[in-house]
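Every read-out reported here was derived from the displayed coordinates using simple, explicitly stated rules and does not represent laboratory data. These numbers were taken from a predicted model, which means no experiment stands behind them. Glycine also receives a Cβ, built like all others from the backbone with ideal geometry; neighbour counts cover every protein chain displayed.
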Amino acid sequence: MVRTALDNFRRPPCAELLGWRLLDASPEAGWIRIAFEGKTEFCNPAGFIQGGMLSAMLDDTMGPAVLVMSEGRLHTTTISMTVNFLSPARAGPIIGEAKVTQLGKTIAFVEARLMAEDGMVLATASASERLLEAARVVQ
């Protein structure tokens, strides 16, 4: 696997909760692929993963795409995110993919999707992200 800025990055508790694991990335292309663990604890009474948990997975795919593309120089905070839920998500492995569509000086635009193990698209998202210099926000 390619080396990225995430190699020496300590995962935050929210990423640990989601079972976040880097699968692949292309820093030059601003693309990332992440595995999540869709836990039964995330399910609603119908037995499907609650939309807020899927939104968190999408968000935790898009921010790292910017971090990887900027070689660790830029962190993000989400300004706005639009999520489309396409298919019910069951407990089990979930794959997230994100692509930085535009990296500006203060704002990035990112798109993402979540897929089940069989490749079925569960949800998509697009977001605008405020860019924060890592040197100023990481302590």
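With contacts defined as alpha carbon pairs under 8 Å and 6 or more residues apart, what's the relative contact order of region 9-137 in percent?
26 percent
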> Dipole of region 9-137, Cα-centred, from +1 at each Lys and Arg C-beta and -1 at each Asp and Glu C-beta, to the nearest 20 debye?
Replying inline: 260 debye
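When Lys and Arg each count +1 and Asp and Glu each count -1, what net charge do the other residues less than 13 Å away from residue 125, Cβ to Cβ, add up to? Mind dumping the intermediate values first?
Details: positive: 99, 113; negative: 59, 60, 97, 111, 129.
With Lys, Arg at +1 and Asp, Glu at -1, the neighbours total -3.
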> By per-residue mean of other Cβ atoms within 10 Å, what is the highest-first order of 62-68, 2-8?
Replying inline: 62-68, 2-8
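Return a whole-number percent for the relative contact order of region 1-53, with Cα pairs under 8 Å and 6 or more residues apart as the contact set. Spell out each step's value before the answer.
Numbers: 48 pairs, mean separation 13.4, N = 53.
Relative contact order, region 1-53: 25 percent.
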>> Charges on Cβ only, +1 for Lys and Arg, -1 for Asp and Glu, centred on the Cα centroid of the chain; of 70, 54, 84, which one is farthest towards the dipole's positive end?
In response: 70
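Where does the chain land on Rg(C-alpha)/(2.2 N^0.38 Å)?
Numbers: Rg = 14.4 Å, N = 139, 2.2 N^0.38 = 14.3 Å.
Scaled against compact globular proteins, the figure is 1.00.
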>> Positive end of the dipole of the chain, charges at C-beta (+1 Lys, Arg; -1 Asp, Glu), about the Cα centre: which of 115, 137, 17 has its Cα farthest in that direction?
In response: 137
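What ranking do 49, 32 get, fewest neighbouring Cβ atoms within 10 angstrom at the top? Mind showing how you got there, number by number?
Values: 49 25, 32 29.
Ranking 49, 32 by Cβ neighbours within 10 Å, fewest first, gives 49, 32.
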> Within a Cβ distance under 15 Å of residue 52, other residues only, what is the Lys/Arg minus Asp/Glu net charge?
Replying inline: -2
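Can you compute the helix-only [θ] at 222 nm over the chain? Use -39500 (n - 2.57) per DSSP H run of at least 4 residues, normalise by all residues, nearest 500 deg cm²/dmol.
Working: 3 runs with 29 residues, N = 139.
Only helices count here, giving -6000 deg cm²/dmol.
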> Between the DSSP loop rule and a limit of at most 10 other Cβ atoms within 10 Å, which trypsin sites (Lys or Arg not before Pro) in region 58-139 are left?
Replying inline: 105
>> Tell me the net charge near residue 18. Cut-off is 9 Å between Cβ atoms, residue 18 excluded, with +1 for each Lys or Arg and -1 for each Asp or Glu.
In response: -2
>> Angle check, please: helix 51-69 long axis (alpha carbons) against the longest principal axis of the chain (alpha carbons), in degrees 0 to 90, nearest 10.
In response: 30 degrees
